[in-house]
Amino acid sequence: MDDFLRQISDLKIKPRKKLTYGETGNYRSQSLGNSMDFYDHRQYIPQDDVRRIDWKAYMRTKNLYIRQFTEEKTIHIKVIMDNSLSMDYGTSVKFDLAKTLTKGIGYLTLNQGDIFSFIPLNNGTYGETSIKGKDKFYQLLKVLDSISCEGMTDYENIIRLNEFNRERGGITFLITDGFGENIDKVLDFLCGRGEEVLFIQILSEDEVEPEVNDKLKLIDKETNEIVKIDINRIMKDMYKKKINSFIDNNRSMSLKRDIVYTFALSSDSPQEILRKTIGGM
């Protein structure tokens, strides 16, 4: 086990709300099952199993009541990781941090006996990886080693994923720099599918506090478009306001949807990012 995994091994990814969906497993659900963990009474109806009648309650009230029990669920934890070309940027590369965070989330998920899915995000085809069991962790490492940055960001690709259209509920981590259109639609879609969403936005120090001279050549990583501009102090101030507004908008958009939002620089400690994010659940 490397130092990073050792430093996060005490963390647990648990839902903030009672689960409605999932397989039998580790977490309390508001679905009712056959466990011995008593939940509540409700009035008996003819279709009910008579073995669940609480006869002691009948003796007290002269009414028939059914004992209900909570069921435990295995949760499905997903990471949608942006691997578009804009992530391949920074003195500390954003994509490297994104992969480390994904590795950590996968390790924690498999360690606690839950299902883990990894979904790369760009505007091309995607290869979804779903695994369960501690022994499958090295399968995730192989996938992360093989993936690279390509294409442009297409958040609406998430809406087309079978992963979200065949089931409801679970926890989804969205790891991206936030550059792209319609991220709000995707957050609405995920929340509408019953997902607890955790949004980790990664920007490089160069993007937040660029060191620029008076003349600058800008190259779009995703389109290769080149723009040459002359920089003055007013333009530098405008840029800083713009990037701060961009970050604030994503934070505000998340809070309105009850989404856990974490902003991170690509040079930040991955273990501290996960502690902050998972601690916010």
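The numbers here are math on the coordinates, done by the rules we state, and not lab data. Because the structure is predicted, anything quoted here is derived from the model rather than measured. Ideal geometry is used to build each Cβ from the backbone, glycine not excepted, and the neighbour counts take in all protein chains shown.
Using the per-residue mean of other Cβ atoms lying within 10 Å as a proxy for protection, in what order, highest first, do the peptides 176-188, 232-244 fall?
176-188, 232-244
Take each of the peptides 138-148, 52-62, 265-275, 86-96, average the number of other beta-carbon atoms within 10 Å over its residues, and list them starting from the highest.
Result, highest mean Cβ count within 10 Å first: 86-96, 265-275, 138-148, 52-62.
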